[in-house]
1. Looking at the stretch 247-288, which trypsin sites (Lys or Arg not before Pro) are in a loop (DSSP not H, G, I, E or B) and have at most 11 other Cβ atoms within 10 Å?
2. Treating only the Cβ of Lys, Arg, Asp and Glu as charged (+1, +1, -1, -1), what charge dipole size does the stretch 127-188 show about its Cα centre? Round to the nearest 20 debye.
3. When a/c reaches 1.5 or more, the comparison of a/b and b/c decides; with that in mind, is the stretch 167-309 rounded, prolate or oblate per its Cα gyration tensor?
4. At what distance in angstrom do the alpha carbon centres of the stretch 74-99 and the stretch 152-175 lie from each other?
5. With point charges of +1 on the Cβ of Lys and Arg and -1 on the Cβ of Asp and Glu, referenced to the Cα centre of the chain, which listed residue (Leu89, Ala64, Ser29) lies farthest in the positive direction of the dipole?
6. Okay, helix-only estimate at 222 nm for the chain: each DSSP H run of n ≥ 4 adds -39500 (n - 2.57), divide by all residues, round to 500 deg cm²/dmol; what do you get?
7. For the stretch 1-108, which GluC sites (Glu not before Pro) pass both filters: DSSP loop (anything but H, G, I, E, B) and at most 11 other C-beta atoms within 10 Å?
8. Between the helical axis of 137-146 and the dominant principal axis of the chain, each derived from Cα atoms, what acute angle in degrees is found, rounded to the nearest 10?
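Read-outs throughout are calculated quantities, based only on the coordinates presented, and are distinct from any laboratory measurement. These numbers were taken from a predicted model, which means no experiment stands behind them. FYI the Cβ positions are ideal-geometry reconstructions off the backbone, even for glycines, and counts take in every protein chain you see.
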Amino acid sequence: MKKTAFIFPGQGSQYVGMGKDFYENFACSKEMIDLAEKVSGMDMKTLLFEKNEQLNITRYTQIAMLADELAILRAVEEKGFRSSVNAGLSLGEYAALVASGVMTAEDAFRVIVKRGAYMQEAVPTGGAMTAVMGMDNDVIERICAQTDGIVSVANYNCPGQTVITGEEAAVAAAAAAMKEAGAKRCVPLNVSGPFHSQMLREAGVKLAGELENVEIYDIATPYITNVTADYVTDKNQVKELLERQISSSVRWQQSMERMIADGVEVFIEIGPKKSLTGFLKKIDKSVPVYHVDTVADLDALCEAIGTIE
């Protein structure tokens with residue numbers, strides 16, 4: 001099999017009904033969603049499959065996304081697919097940790113419930129995020145540094161798309177300066193907090209306390225962390241990196257570039273919608289990428305296996 005990466009999306013890709021066909025057709029997928037329900041105490045089937053207001057609230061979004069991603073991961077694995085390296089964007093990194101054997105699914109669910117709650121509690125109001133289109137990162141970074149208040153890069157998604165985060169007024173001022181400096185567009189995001197900014201450091205501290213009770217296992221399959229866009233080689237670094245990740249920039253573009261430079265030949269995005277597929281096509285459109293969100297997507301992947309082996 002060609003050198004393959006599993007990649008897992010983050011918050012914002014969720015939708016009502018995600019994971020339903022896997023729940024109904026794969027016992028291993030049902031087991032993951034049922035486990036998420038047992039660990040969280042939430043009605044996961046209602047949260048995932050029925051129209052509700054909670055799915056877009058951070059403390060519920062994160063457990064829902066992880067349940068869906070691990071449900072699909074288990075079905076992908078059942079079909080015989082294996083990764084050479086894993087990565088996930090923000091909360092998707094927890095799915096990557098499970099895929100790499102670093103954390104059990106049960107512990108990942110337990111931690112993500114707390115992570116979502118801590119992040120939501122850290123800054124209930126007063127924060128903002130804006131996507132900046134068509135501007136070089138060095139210009140974005142310079143304008144953030146020159147702007148009064150708290151504003152920094154949240155996500156390096158792909159060439160031409162970077163997200164800034166921080167205090168509402170500071171983000172607005174930086175975005176105005178970026179438009180004046182030549183950014184194609186600056187689009188405010190409908191989010192419940194300034195994710196991946198220093199305003200969430202307290203959430204990271206609280207998460208560190210929760211992680212003290214989690215066993216970290218040897219890294220069976222390499223994975224790349226958002227914080228450094230590099231491989232984690234020492235399992236003793238995992239908890240510190242997860243604490244930092246909440247308030248650090250997500251270096252997604254750099255992570256994908258590192259994988260490609262290291263010879264990854266095929267990417268498989270596991271989870272709802274196609275955000276990471278879109279980013280990857282802008283990073284390097286020559287690298288094959290498959291997306292698995294539904295059972296039909298998995299069937300298509302199985303039909304394409306000849307091109308992956």
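1. Loop-located and lightly packed - Lys285.
2. 240
3. oblate
4. 28
5. About the Cα centre, the residue reaching furthest to the positive side is Leu89.
6. -14000 deg cm²/dmol
7. The qualifying sites are Glu53.
8. The angle comes out at about 50 degrees.
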